[in-house]
Amino acid sequence: MKKVKRQFPDRDLDRIIEMAWEDRTPFEAIAYQFELQEADVKILMKKELKPGSYKLWRKRVENCQTKHLRKRSDAIKRFRCSEQRAISNNKKSKQKQ
């Protein structure tokens with residue numbers, strides 16, 4: 001298994017995992033905020049989650065049309081939850097989109 005080359009503070013790691021689980025947050029948003037590509041997110045999730053949870057997440061991601069901008073409906077104009085600003089400590093997520 002490949003390793004993600006960067007180490008993240010617990011707060012950032014928790015946010016990456018949270019974003020990866022969110023259906024409306026595409027991998028491109030994670031790449032924008034944390035400079036992690038989809039493959040890196042998958043490696044990180046495999047490392048951080050229990051095996052059963054990782055399998056559930058992978059199945060969910062494979063069937064989720066909103067996790068990839070190119071598969072996404074044009075009707076969806078934003079990549080973050082309207083409440084994300086209030087719950088996230090990530091500075092880039094607080095920028096106006």
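The values are calculated or read from the model by the stated rules, or taken from the named source; none is laboratory data. If you're wondering where the values come from, they're calculated on a predicted model, not measured in any experiment. All Cβ positions, even for glycine, are placed from backbone atoms using ideal geometry, and neighbour counts span all protein chains on display.
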Can you pull out every residue in the range 9-50 that is exposed (fewer than 15 other Cβ atoms within 10 Å of the Cβ) and in a loop (DSSP other than H, G, I, E, B)?
9, 23, 35, 37, 50
Could you look through the range 60-76, keep only residues that are part of a helix (DSSP H, G or I) and under 15 Å from the mean Cα position of the chain (by Cα), and pick out the one that is modelled with the lowest pLDDT?
69
